[in-house]
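The values are calculated or read from the model by the stated rules, or taken from the named source; none is laboratory data. If you're wondering where the values come from, they're calculated on a predicted model, not measured in any experiment. Cβ placement follows ideal geometry from the backbone for every residue including glycine, while neighbour counts extend to all protein chains displayed.
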């Protein structure tokens, strides 16, 4: 039996920048999918300091409200998830696409491969998207996702989370991550969460309950700010 | 002081409904006179096809211009109809596919030109962060030989994994995440 590494001493190198490793054996699926050859450092060129302006496609008015995409309202605890997206220099990332997906309040995805015997909700698909505004702000209305079991190890459960996909200013800044909820008792046994070895970096994946985002008599608010790697290109950085 | 980045987490197995749409893999229309197909299979370290990966590409247009919003150059003009971005899931057989055009050469470090190439991101269950690679073109031997990024890959076997194979009706670019013939992956 593999020993659980301790967080305080476990393999954190400064150059990781708080990112998880590719190989984290406790998360079993990494064992055959993590590359073994060393990564090659890519010099900075126009190919990666540019990036898709993917947000120009039509985004529906209700795409950021996951509670209004069907005939009725989904069951569960209605929440507002809002925050800002920043680049590596701390500047707001403007007009950039944010995509999310999540399980319903019972811990079930609409995905056909999700076999968890929890009910589907006919009023909840669990997918949303929006563009950040000029201050890098985004906002979603949804329901709090449930925890759900998976088969990674005996009695394995994922802490409640919302998947986030972000583009940011450049190919370099592309990020897919998961937003967690404060105080979840499942963190300590979840190898995906724990794959981030640095305790401070883990905190950056956990939203905070926010009374200002909370709307009285209607929905609890959670705040989740996101910092992308890479920076917004300026004309000076672009060779002609 | 720069803020610390948000850590990456796996895309997981359940992203399809939220992120994929058939048309995202078609960067040009089928009747585009210069359209090419780039397809490949994603394999894991046991040589099994990976049926739940997502592959994204980012590339310049035929003139070597990236989409105008982030490409600061003024000449040559951008192609209004070509975003340069594509996204494809892998199917049950681990296969992804794109319909696109071959990009032109783009500037590299120190004023050199880079050989035509396509930037690639791979996401999958079991990948805690994306993998980055590049697709180069088999009919560009001269440009490939002096490309600064290809040249920086010292291992010849690894270097070969970055060049697509011409299969007549399509270019094949298989992605081996691990094991024999592992694809060359990059870090920034």
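Only one entry in A:122, A:117, A:92 is without any contact (Cβ under 8 Å) to a residue 24 or more places away in the chain, over 15 Å from residue B:16 (Cβ atoms) and surrounded by fewer than 21 Cβ atoms within 10 Å (Cβ to Cβ), namely A:117. The set of residues from region A:184-201 being surrounded by fewer than 19 Cβ atoms within 10 Å (Cβ to Cβ) and in contact with a helix residue (DSSP H, G or I) (Cβ under 7 Å, 6 or more places away or on another chain) comprises just one member, A:187. Say whether the condition of being modelled with pLDDT of 95 or more and touching a strand residue (DSSP E or B) at 6+ places or on another chain (Cβ under 7 Å) is met by at least one residue in region A:6-27. No - not one qualifying residue is present in region A:6-27.
Can you confirm whether residue B:122 is surrounded by fewer than 20 Cβ atoms within 10 Å (Cβ to Cβ) and at pLDDT 95 or above? It is false that residue B:122 is surrounded by fewer than 20 Cβ atoms within 10 Å (Cβ to Cβ) and at pLDDT 95 or above.
Every residue, every condition in (1) surrounded by 14 or more Cβ atoms within 10 Å (Cβ to Cβ); (2) out of contact with any strand residue (DSSP E or B) (no Cβ under 6 Å at 6 or more places or on another chain); (3) within 19 Å of residue B:98 (Cβ to Cβ), yes or no:
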residue	(1), (2), (3)
B:142	no, yes, no
B:150	yes, yes, no
B:159	yes, yes, no
B:162	yes, no, yes
B:166	no, yes, yes
B:182	yes, no, no
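All told, residue A:164 meets the bar of being part of a strand (DSSP E or B), under 23 Å from residue B:132 (Cα atoms) and at pLDDT 95 or above. Residue count for region A:84-95 satisfying the condition of being more than 10 Å from every other protein chain (Cβ to nearest Cβ) and assigned to a strand (DSSP E or B): 2.
From the list A:35, A:43, A:52, A:74, the one residue that fits, being at the interface with chain B (Cβ under 9 Å from one of its Cβ atoms), in contact with a strand residue (DSSP E or B) (Cβ under 6 Å, 6 or more places away or on another chain) and assigned to a loop (DSSP other than H, G, I, E, B), is A:52. Among residues of region A:55-71 being outside any loop (DSSP other than H, G, I, E, B) and within 12 Å of another protein chain (Cβ to nearest Cβ), the one that is farthest from residue A:102 (Cα to Cα) is A:56.
The listed residues are B:67, B:52, and the only one of them that is touching a residue at least 40 places away in the same chain (Cβ under 8 Å) and in contact with a strand residue (DSSP E or B) (Cβ under 8 Å, 6 or more places away or on another chain) turns out to be B:52. Of the residues making up region A:113-128, not one is within 15 Å of the chain's Cα centre (by Cα) and at pLDDT below 95.
Restricting attention to region A:167-193, the residues that are modelled with pLDDT of 95 or more and assigned to a loop (DSSP other than H, G, I, E, B) add up to 8. Annotation: residue B:13 fulfils all but one of (1) surrounded by fewer than 23 Cβ atoms within 10 Å (Cβ to Cβ); (2) in contact with a strand residue (DSSP E or B) (Cβ under 7 Å, 6 or more places away or on another chain); the unmet one is (2).
Taking region B:126-160 as the range and being within 23 Å of residue B:85 (Cβ to Cβ) and not in a helix (DSSP H, G or I) as the test, the residues that pass are B:127, B:129, B:130, B:131, B:132, B:133, B:134, B:135, B:136, B:137, B:140, B:147. When the criteria are applied in full, residue A:45 fails the requirement of being within 22 Å of the chain's Cα centre (by Cα) and at pLDDT 90 or above.
Of all residue pairs spaced 6 or more apart or on separate chains, none has beta-carbon atoms under 7 Å together with a first member in region B:141-163 that is in contact (Cβ under 8 Å) with a residue 60 or more places away in the chain and facing chain A (nearest Cβ under 10 Å) and a second member that is surrounded by fewer than 17 Cβ atoms within 10 Å (Cβ to Cβ) and assigned to a helix (DSSP H, G or I).
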